1. Could you give the size of the charge dipole of the chain about its Cα centre, using +1 on the Cβ of each K and R and -1 on the Cβ of each D and E, expressed in debye and rounded to the nearest 20?
2. Quick one: if the Förster radius is 51 Å, what FRET efficiency do Thr24 and Glu162 give, using the C-beta to C-beta distance and rounding to 0.05?
3. Based on the Cβ-Cβ distance of Asp95 and Thr224, what FRET efficiency does E = 1/(1 + (r/R0)^6) give at R0 = 25 Å, to the nearest 0.05?
4. May I ask you to give the average projected area over all directions of the convex hull of the Cα atoms of region 1-126, in nm² rounded to one decimal?
5. With r defined as the distance between the Cβ atoms of Met174 and Ala277 and R0 fixed at 30 Å, what FRET efficiency is calculated, to the nearest 0.05?
6. Quick one: what does P(r) look like for region 22-88 with 5 Å bins over all Cα pairs, in whole %?
7. Only residues of region 81-115 count here: report those whose backbone N is under 11 Å from the spot 7 Å along Cα→Cβ of His215, or say none.
8. Residue separation times 0.36 nm, minus the C-alpha to C-alpha distance between Gln251 and Arg3: what's the value?
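Quick note: the coordinates plus some simple rules give every number you see, no bench work behind them. Remember, predicted model here, so these are calculated numbers, not experimental data. Please note: Cβ atoms are built from the backbone with ideal geometry, for glycine as well, and neighbour counts cover all protein chains shown.
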Amino acid sequence: MRRTKIGIIGGSGLYDIDGLQNPTWQRVESPWGAPSDEMLTGTLDSVEMVFIPRHGRGHVHSPSSVPYRANIDALKRLDVTDVISVSACGSFNEDMAPGHFVIVDQFIDRTTTRESSFFGTGCVAHVSIANPTCSRLSQACQEAANIQGITTHYGGTYLAMEGPQFSTLAESRMYRGVWGCDVIGMTNMPEAKLAREAEICYCSIAMITDYDSWHPDHGEVDITQIIETLTKNSTQAKGMLARIPALLGSQPANCPNGCDKSLEHAIMTAPEKRDQALLAKLDAIAGRVL
C-alpha cells in the first residue's frame, strides 16, 4: 500500500530539520548527476520524511549550479509523494513584509542557464504546469503555518530570476508594477517543473527577507538585514514543517490537481523511436508510464 512520504527541500538558512526520529544521512545515486547533498531520512508522527539542503550543507551551490534534476530524481527514487520547497525571497508587495511567509501558487520563469526538463531528443514529453503547485499540499502548509503563528499569505506569484546577483532597480520596478509579481527568488525554477514531470505533488513556501530594491523606504538589498531575518524565518519554518506530517497523515489522499498522474498522456515520441539511453535514465521519473 502506498504511504505518504514527505520531501523537504531546504533553501538558504535551512540545512536540516528538527524532531526526526532515527535521523540518517543517506547518499542517493542518480543518473542525472550527484544531488546537492546526502538525504536526511527519518520519521515524524509516524510519517516518513526526507530532507535535502538545496545548496548543500555549508551552502556550496549557487542558484544556477544547484543540480535540480538530480535532486528531484533522488527524491523520486526514495518514493517521496509530496515535496515542500522552502526558500528565501524578496517581496514586491507592501503587505508581504519581511518575516512573513507566502504560499506560492504561480511562477514566472526568468532563468536562462538551467536544464529544465528530464525529457528531450529521443523521448519528448509535454506536461501542463498551468497550476504549478498542489492545492492539497499548499492548504496543509497554510494550516501548519497558522498553528505555528506565522503571518502567511495564501497565493502569490514568484518571479524566478537567474542570479546570483540581486535585481537592478529597473528590473525590480518592472517585475512589481508591470508584471504584477509578489515575490522574487532564484531557486523554484526549474524545480517546480521537474517535480511535475516526476509526478510528485509540490508546493512552495516563500520566506520573505526583504523588499528587493523597489521600496523607497528600504533602498537596495542589505545582506546583513537579510541574514538576520533569514535566521528568524528558518526557526519558524522548522516549527511549521514539524506540524505537516500530522496534517497530511500516513495515507496519501488523491491529488485534486492530478500532479501524481501528470505523465498520463504527456509522452509524444513513438515507442519504436525512443532513445534507449534516455529511457534508462528515466526509470524512476517515468517508469510508471514507460
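1. Values: 24 positive and 33 negative charges, 159 e Å.
Computed about the Cα centre, the dipole is about 760 debye.
2. Working: r = 35 Å, r/R0 = 0.68.
Calculated transfer efficiency: 0.90.
3. 0.55
4. 10.2
5. Values: r = 42 Å, r/R0 = 1.40.
Here the calculated transfer efficiency is 0.10.
6. Over region 22-88, the share of Cα pairs per 5 Å bin runs 4, 17, 28, 28, 16, 6, 1, 0 percent.
7. 90-100
8. Working: separation 248, 0.36 × 248 = 89.28 nm, distance 0.49 nm.
Taking 0.36 nm per residue and subtracting the Cα distance, the gain is 88.8 nm.
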